[in-house]
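S.K.: Pasting a structure below so you can have a look.
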Amino acid sequence: MDPGATVTKTEFFNHTHVPDMVLEWPGRARTPCRFIYLRTTSDQRELEDDLQRLPRADRPVLLALGQLSSTRQRGDLSPLSTSLLLDTSALGALQPADDSPGIPQLVSRSVLEGGRGTLDRPATEAFLNTVVQGAEAARAGERVPTRDAVDALTARMTTDVADRMSAFLAALWQGGGSTLASFPAPQRGVGHLDETALMYLLESEDITDTAFWNRVVRMISLPTLLRTPAAGTGNLQYLMREAIRLWTSRVCMIVPGVADADISPWRWTVKAGQLILQTPRFHVLVAQSQRQLPSGQEHDLPRLDEVRNRADRFGIPLTSLRMVVTDRHVGYGGPGDDISHDIRLDGISDALGQAEGVIEAEARIPSGETLQCMFATGIASARGARTQVPLDALLGTTTRLLSGLSNDEAEKITQILGAQDSPPAQPWSQPSFDDI
C-alpha cells in the first residue's frame, strides 16, 4: 500500500499491549510511526475495549482478521481521535489495483498514515470514492464534491494528515485556475504545500496541463522540493519545466554517471536531498551550497582553445580565466567584459605553446551575475556569498561550458533548459595596442 513505509515485525503475536508490527516512514521525518495490532476476534465491542486501553499517543491500528459486523453502527470511535479499527475486507479495499491512477493510492497511503475511526469494506469504499471524486472536482473548481472530500478527510483522518490532504486538494483547486479564497474549506494550512503534501501531488497520476504547474510552482520552493521523498515521477518533470525559469539556487556540479536502470535518461529526480538532472553520460546536481555536494572525482582539464570554442559555440561571455602549465598558474581577466576574443589572450596561448589547461573560468549569465566555473571539480557557483541565480542559467551555462556537449546533447539541453540567452551588454574596455 505504501512503498515508502518500512514494516518491523515484533514477534509478539496475540500479546495485548505489544504491537505485532510497527510502521515507519524513514523518508518523512515528520510522520510518526504507527503500531499495528492483529486481532483474531471480530467482535467490535471487544476491539473497541482494546483500543480504549492502548496508548492513544501511539496512534494504534487494530486489524481484525475477519469481518466486522455490519449491524453495529460504524464510526463509533470518533472520541478516539488517533485510533483506527479496520477488518481484512477494508484492508483489501484500500489496496488499489496496479493499473489504477495515483489518487486512490494516495488515499490508501493517507489511511495508513493517519486514518481513524472504524472502517469496514462499505465505509472504506465510500471514503475512497468521496476523496477521489473530490480531487477530480477540485481541478474543475466544483465546490460541493470538493467540500465533501474535505469533510470526509476531517472525519476519517488525524488532524495533521487531514491538513496535508486538504492542502493537496487546495493545490489541485488553484492549479485548475480557481482562487484559494474560494476553496470550500477552512484556510488552515492550505495556502502552501509542505513536503508530504507535495509528495501527494507529485505521485498522483500525471497532469500534463502547463498552466496547472505554472500556478502550482508558485506555491512551493526548491528547499521544499529537496525535502520531498519523490523520485523521478512524471509530475516532477512537468513541475520542473515551469520551476526551471522561476526558482534560483547557488551551485551545481557535474558528475560522471548513467541514469538509473528504472528511470529514463534526460529526466529530473530527487535523491537524498538533491535535485538531479540525469543524462545518459553525466548527472547535474543542484545544491544551495558547496557543502551539500559530494566530493567528486577530478576531471581532465580542457585546453584554452577548447574552452574558447565552447564559449563561442553557445555565446557565453568569459570575464576571466585561470590556467596551469606544468606547476605554474597564469591568470587573465578584465573589468567584466568578454575576454574570450582578446588578441593578447591569443598571444598568451602562443607563448605557452598551447600546453595550458584551464583550471577556472568566470562566465556572465543572462541575468547579469557571474558564475565561477571550476573545470577540475565540475562545480559552478554564483559569485557573492548570498547570490542566487536562475536554475535555467545556472545549469545551462554549467553544462555547456564544463562538459563537451555533442550536437545531440546540446539540442536536448536546449529542450530542457531553454536556449542560452545573451547577458546584458558590457562596455568594451580593452585598450588598443597604441595606448599600451
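The values are calculated or read from the model by the stated rules, or taken from the named source; none is laboratory data. Please read all numbers here as calculations on a predicted model, not as lab measurements. With ideal geometry, Cβ positions are generated from the backbone for all residues, glycine too; neighbour counts draw on all protein chains shown. Ligands, DNA and RNA are excluded from the accessible area calculation, which covers all protein heavy atoms including side chains. Shrake-Rupley method; radii C 1.70, N 1.55, O 1.52, S 1.80 Å.
S.K.: Read through the list (1) surrounded by 13 or more Cβ atoms within 10 Å (Cβ to Cβ); (2) at pLDDT 90 or above, then give the number of the only condition that VAL7 fails.
M.R.: Of everything listed in (1) surrounded by 13 or more Cβ atoms within 10 Å (Cβ to Cβ); (2) at pLDDT 90 or above, VAL7 misses just condition (1).
S.K.: If we only count helices (runs of 4 or more DSSP H) wholly inside segment 94-167, which ones have 3 or more residues that are polar (S, T, N, Q)? Steps first, please.
M.R.: Working: elements: 102-114, 121-140, 143-156.
The qualifying helices (runs of 4 or more DSSP H) are 102-114, 121-140.
S.K.: Further question on the same structure: Within segment 364-416, track down each residue that is under 21 Å from SER221 (Cβ atoms) and open to solvent by 50 Å² or more (accessible area, probe 1.4 Å).
M.R.: Listed by number, the residues that qualify are SER367, GLU369, ALA385, ARG386, GLN388.
S.K.: For residues in segment 349-363 being of a type in the set (A, V, I, L, M) and modelled with pLDDT of 85 or more, which is most open to solvent (accessible area, probe 1.4 Å)? Don't jump to the end; show me each part of the working.
M.R.: Restricting attention to segment 349-363, the residues satisfying the condition of being of a type in the set (A, V, I, L, M) are 351-352, 355, 358-359, 361, 363.
Now restrict to residues that are modelled with pLDDT of 85 or more: 358-359, 361, 363.
Values: VAL358: 0, ILE359: 23, ALA361: 0, ALA363: 0 Å².
Ranking the candidates gives ILE359 first.
S.K.: Something else about it: Which of the residues belonging to segment 281-310 are farther than 14 Å from LEU401 by Cα, open to solvent by 80 Å² or more (accessible area, probe 1.4 Å) and of a type outside the set (Lys, Arg)?
M.R.: GLN290, GLN292, SER295, GLN297, GLU298 - these are the residues of segment 281-310 that are farther than 14 Å from LEU401 by Cα, open to solvent by 80 Å² or more (accessible area, probe 1.4 Å) and of a type outside the set (Lys, Arg).
A quick yes/no check of all residues on (1) at pLDDT below 90; (2) more than 15 Å from MET253 (Cα to Cα); (3) β-branched (Val, Ile, Thr):
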{"site": "ASP327", "(1), (2), (3)": "yes, yes, no"}
{"site": "GLY347", "(1), (2), (3)": "yes, yes, no"}
{"site": "ILE365", "(1), (2), (3)": "no, yes, yes"}
{"site": "GLU369", "(1), (2), (3)": "no, yes, no"}
{"site": "ARG386", "(1), (2), (3)": "yes, yes, no"}
{"site": "LEU401", "(1), (2), (3)": "no, no, no"}
{"site": "GLU411", "(1), (2), (3)": "no, yes, no"}
{"site": "THR414", "(1), (2), (3)": "no, yes, yes"}
{"site": "PRO427", "(1), (2), (3)": "yes, yes, no"}
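S.K.: Take the conditions of a type outside the set (Lys, Arg), open to solvent by 10 Å² or more (accessible area, probe 1.4 Å) and at pLDDT 90 or above and apply them to ILE276. Does it pass?
M.R.: For ILE276, the condition - of a type outside the set (Lys, Arg), open to solvent by 10 Å² or more (accessible area, probe 1.4 Å) and at pLDDT 90 or above - is met.
S.K.: Let me ask you something else. State whether one or more residues within segment 11-22 are farther than 17 Å from LEU62 by Cβ and more than 23 Å from the chain's Cα centre (by Cα). Walk me through it before giving the result.
M.R.: We begin by selecting, within segment 11-22, every residue farther than 17 Å from LEU62 by Cβ; these are 11.
The next check asks that each one be more than 23 Å from the chain's Cα centre (by Cα); those that pass are 11.
Looking through segment 11-22, at least one residue is farther than 17 Å from LEU62 by Cβ and more than 23 Å from the chain's Cα centre (by Cα).
S.K.: Would you be able to say whether some residue in segment 314-323 is without any contact (Cβ under 8 Å) to a residue 40 or more places away in the chain and either assigned to a helix (DSSP H, G or I) or farther than 26 Å from ILE416 by Cα (or both)? Steps first, answer last, please.
M.R.: Restricting attention to segment 314-323, the residues satisfying the condition of being without any contact (Cβ under 8 Å) to a residue 40 or more places away in the chain are 322-323.
Filter again for either assigned to a helix (DSSP H, G or I) or farther than 26 Å from ILE416 by Cα (or both), leaving 322-323.
There is at least one residue in segment 314-323 that is without any contact (Cβ under 8 Å) to a residue 40 or more places away in the chain and either assigned to a helix (DSSP H, G or I) or farther than 26 Å from ILE416 by Cα (or both).
S.K.: Are any residues in segment 203-257 part of a helix (DSSP H, G or I) and under 14 Å from LEU275 (Cα atoms), and if so, which ones?
M.R.: LEU222, PRO223, THR224, LEU225, LEU226, LEU236, GLN237, LEU239, MET240, ARG241, ALA243, ILE244
S.K.: With respect to GLN44, is the statement that it is open to solvent by less than 20 Å² (accessible area, probe 1.4 Å) and at pLDDT below 85 true?
M.R.: For GLN44, the condition - open to solvent by less than 20 Å² (accessible area, probe 1.4 Å) and at pLDDT below 85 - is met.
S.K.: Taking segment 129-169 as the search range and keeping residues that are more than 16 Å from GLN105 (Cβ to Cβ) and acidic (Asp, Glu), which one is surrounded by the most Cβ atoms within 10 Å (Cβ to Cβ)?
M.R.: Residue satisfying both the conditions and the ranking: ASP163.
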